[in-house]
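Worksheet: the structure to be examined is printed underneath.
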Amino acid sequence: MKIVVIHNNPNVRSGTEKMLQAFLDGIRDKRQVTVEWFDVHRMNIMSCELCNACKTGRIDDCIIRDDMIQVYKSAYEADLILFGFPIVCWHVPGRLKIFIDRLFAMNQDVFTKRQRDIAIFYTYHVEDAEMSGVSEIERFFSKGAIVMNLNIIHDFSAYIPKDGKIENYIDVGRLRELGNQY
């Protein structure tokens, strides 16, 4: 089983990283897996030009030569794609939005023939989930999943106060259990 992790949080030992690792540990308890981890905040990714070159043939026909080229092949081969990020200004972080826009190249028959599973793990720092942007994240990913023929298996969010200890707010045992069930 091949898993691709798309992580966008520059903070070391962040809540999103802990959530992703706990879920992965649960999967590893039951299955042999290969994991490829992409830290979006460290990648060189340019905005989509909307030229549609990617729609004329292969996914790697994209005219932009940056770090997304390696992501396309990995995501194409993936059985499961995990996203981890903090909510920023009621949405995914800007770099992740550019990354997801570039996944537009994968919206073609060769990729969407086979349904892939995705799971989304995100944190927010405003106590009221609705005011933090949780519903916007859910809408954003559910619409994208339809277009890309993706199956959302988990949508897991956690409130973490800016000064709070991550361990007090994330149930890693529950996340590991969810991974075990996958």
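The values are calculated or read from the model by the stated rules, or taken from the named source; none is laboratory data. Everything numeric in this text was worked out from a predicted model, so none of it was measured. Quick reminder, even Gly has a Cβ in these numbers, built from the backbone with ideal geometry, and neighbours come from all protein chains shown.
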Within segment 57-75, restricting attention to residues that are in a loop (DSSP other than H, G, I, E, B), modelled with pLDDT of 85 or more and surrounded by 13 or more Cβ atoms within 10 Å (Cβ to Cβ), which residue is nearest to the chain's Cα centre (by Cα)?
-> Asp67
Selection over segment 43-60 where residues are of a type outside the set (A, V, I, L, M) and in contact (Cβ under 8 Å) with a residue 24 or more places away in the chain yields a count of 5
Which fully enclosed helices (runs of 4 or more DSSP H) of segment 76-182 have 2 or more residues being within 15 Å of the chain's Cα centre (by Cα) and without any contact (Cβ under 8 Å) to a residue 60 or more places away in the chain?
-> 94-102, 134-148
Taking interchain pairs and intrachain pairs at least six residues apart, which have beta carbon atoms under 6 angstrom, with the first residue in segment 3-18 and within 20 Å of Asp101 (Cα to Cα) and the second among the small types (Gly, Ala, Ser) and assigned to a strand (DSSP E or B)?
-> His7/Gly84
Where residues in segment 1-22 are over 19 Å from Asn168 (Cβ atoms) and not in a loop (DSSP other than H, G, I, E, B), which of them is nearest to the chain's Cα centre (by Cα)?
-> Ile6
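Go through segment 35-56 and give me each residue that's within 16 Å of Leu20 (Cβ to Cβ) and either in a helix (DSSP H, G or I) or modelled with pLDDT under 90 (or both).
Val40, His41, Arg42, listed by residue number.
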